[in-house]
Amino acid sequence: MSSLENQKLLEQLEKHPNLLERVKQLLLVVEGDGNDDNDIKLADDAEDAVADNLSKLGKELLTEWGQNQESKVCKNFKQANSGLKSHSKKNSTGIPHTDK
């Protein structure tokens, strides 16, 4: 990857902090954190950690995708139907009561 591609990827990940954090967690499984006591020693443990992180990553990706799709659909609908009046709260306090 070129440095320009690396920069673009980093910018994209910074827009999605949950995804950036998940990628960091996956890298910790691969590289460790420099503390031998915390490093994963067994392949089964590494497999569990990767599977768990990938599952969480998938859920986070689909959640963000869904939110982006919802925003796009709402934006397109508002543009296509700009003449429609949006719902707003009534300004009237109602009919004043008369003293009897």
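What follows is calculated from the coordinates using simple rules that are stated; it is not laboratory data. All figures in this text were calculated on a predicted structure; none of them were measured in a lab. Methodologically, a virtual Cβ is constructed for each residue, glycine included, from the backbone with ideal geometry; neighbour enumeration extends over all protein chains shown.
LYS85: which lysines have alpha carbons under 23 Å from its alpha carbon, excluding same-chain residues fewer than 8 sequence positions away?
Once the sequence-local lysines are set aside, what remains near LYS85 is LYS72, LYS75.
Tell me the label-point distance for the pair SER92, LYS41, using the 7 Å Cα-to-Cβ offset, in nm and rounded to one decimal.
Computed distance between label sites SER92 and LYS41 equals 7.7 nm.
Given contacts defined as C-alpha pairs under 8 Å and at least six residues apart, what's the relative contact order of the chain, whole-number percent? Please report the intermediate quantities before stating the final value.
Numbers: 23 pairs, mean separation 20.6, N = 100.
Relative contact order for the chain comes out at 21 percent.
Just checking my list (1) 41, 25, 20; (2) 49, 35, 26; (3) 84, 42, 20 against Cα extents along the principal axes in Å computed from this structure; which label fits?
After the calculation, the listed value that fits is (3).
Dimensions of segment 1-57 along principal axes (Cα, Å, largest first)?
On the principal axes, segment 1-57 reaches 36, 23, 17 Å in Cα extent.
Given only helices, namely DSSP H runs of n ≥ 4 each adding -39500 (n - 2.57), what is the per-residue ellipticity at 222 nm of the chain, to the nearest 500 deg cm²/dmol? Provide the component values of the computation, followed by the final result.
Details: 3 runs with 65 residues, N = 100.
Value at 222 nm, helices only, nearest 500: -22500 deg cm²/dmol.
Starting from the Cα of LYS78, draw a straight line to each of the lysines and keep only those under 30 Å, dropping any in the same chain fewer than 8 residues away.
Cross-link targets: LYS15, LYS59, LYS89, LYS90.
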